[in-house]
1. Is there any pair with a first residue in region 84-96 that is among the acidic types (Asp, Glu) and a second that is surrounded by fewer than 24 Cβ atoms within 10 Å (Cβ to Cβ) and in a loop (DSSP other than H, G, I, E, B) whose Cβ atoms are under 6 Å apart and which are 6 or more apart or on different chains, and what are they?
2. Can you report the number of residues in region 80-108 which are farther than 18 Å from Gly145 by Cα, buried (at least 16 other Cβ atoms within 10 Å of the Cβ) and charged (D, E, K, R)?
3. Might you check whether a residue that is of a type in the set (D, E, K, R) and either more than 15 Å from Tyr125 (Cα to Cα) or at pLDDT below 95 (or both) occurs anywhere in region 55-72?
4. Evaluate the following for Ala137: is it outside any helix (DSSP H, G or I) and crowded, with 17+ Cβ neighbours inside 10 Å?
5. Pairs only if they're at least six apart or on different chains, beta carbon under 7 angstrom, first in region 5-21 and more than 18 Å from Gly218 (Cβ to Cβ), second assigned to a loop (DSSP other than H, G, I, E, B) and of a type in the set (Val, Ile, Thr); list them, first residue then second.
6. Which pairs turn up if I take residues in region 109-129 that are on the phi > 0 side of the Ramachandran plot and surrounded by 21 or more Cβ atoms within 10 Å (Cβ to Cβ) and look for partners that are of a type in the set (Lys, Arg) and assigned to a helix (DSSP H, G or I) with beta carbon separation below 7 Å, at least 6 apart in sequence or on another chain?
7. Quickly run through region 184-218 and pick out the residues that are in a loop (DSSP other than H, G, I, E, B), surrounded by fewer than 18 Cβ atoms within 10 Å (Cβ to Cβ) and either touching a residue at least 40 places away in the same chain (Cβ under 8 Å) or touching a Gly at 6+ places or on another chain (Cβ under 9 Å) (or both).
8. If you take the residues in region 152-170 that are assigned to a helix (DSSP H, G or I), of a type outside the set (A, V, I, L, M) and touching a residue at least 12 places away in the same chain (Cβ under 8 Å), which one is nearest to Met112 (Cα to Cα)?
Amino acid sequence: MADFDGKVALVTGGGTGIGRATAIAFAREGAKVVIGNRNVEAGEAVVKTIQDAGGEASFLRTDVSSEDDVKALVEHAVSTYGRLDAAFNNAGVGGRPGPLAEQTTKNYDFVMDINVKGVWLSMKYEIEAMLRSGGGAIVNNSSVGGLLGFAGVGIYSASKHAVMGLTKSAALEYSAKGVRVNAVNPAVIRTPMAEGLAKTNQIEPDGFAGMHPIGRIGEPEEVASAVLFLCSDKASFMTGTATCVDGGFTVQ
């Protein structure tokens, strides 16, 4: 994998699941890691895990739907470590499932504020910081739901389509200035969100295995590997892409 020695990486939603795995992977590859997370206990636990393994990490409580929080997180990264080289905008929610005609504006606002506004705010301040330090790489966590339609989760799917629109637009605007922007599009990954979806459907998380041609659900570390690759110099000619980490889900 990539060598992130001397680089600074930021992860939103870094307390659990894919975010946690990615923060740990960045640290393992030598990066100084800044974690933003709403749950303080979870975020601080990841920092301790990284530090216990000999890495460097810092945490700041962050609600990505708050501009003040996001700005403070990026400023914390720069003031603590001097620069920002990579960012994984992972914080997201599934919202309440159900047919569109039965949805509420409260659920719509909740999902869009975190999944879309949160990604936009994160990029807004990350890009500014990266331009000041000579460039960088951003990865946004979309979903197979950002490429396909799914009955029962229309608002979530719309939010992840919006993430792809933001990703492509930012790539066009900033790639020539040294900031590459890509997305990862996971299918069902073994995370708290997947566990919640499984509970709603009254099945075990592995009950989703048959939806994937590879015959199983994914692991957070598999998405983390894709994120680190996209943030590395090995992906230097990749920008504006949707990178499916989906066990073949989207090709069937």
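1. Listed by first residue and then by second, the contacts come to Asp85/Lys7.
2. Residues flagged as farther than 18 Å from Gly145 by Cα, buried (at least 16 other Cβ atoms within 10 Å of the Cβ) and charged (D, E, K, R) within region 80-108 amount to 2.
3. yes
4. yes
5. If the second residue must be assigned to a loop (DSSP other than H, G, I, E, B) and of a type in the set (Val, Ile, Thr), the pairs left are Thr12/Thr62; Thr12/Val64.
6. Going by the 7 Å Cβ cut-off, there are no qualifying pairs.
7. Asn201, Pro213, Ile214, Gly215, Arg216, listed by residue number.
8. Filtering region 152-170 for residues that are assigned to a helix (DSSP H, G or I), of a type outside the set (A, V, I, L, M) and touching a residue at least 12 places away in the same chain (Cβ under 8 Å), the one nearest to Met112 (Cα to Cα) comes out as Ser159.
The values are calculated or read from the model by the stated rules, or taken from the named source; none is laboratory data. Worth saying up front: this structure is predicted, and the values here are computed from it rather than measured. Every residue, glycine among them, receives a Cβ derived from its backbone with ideal geometry; neighbour counts consider all protein chains shown.
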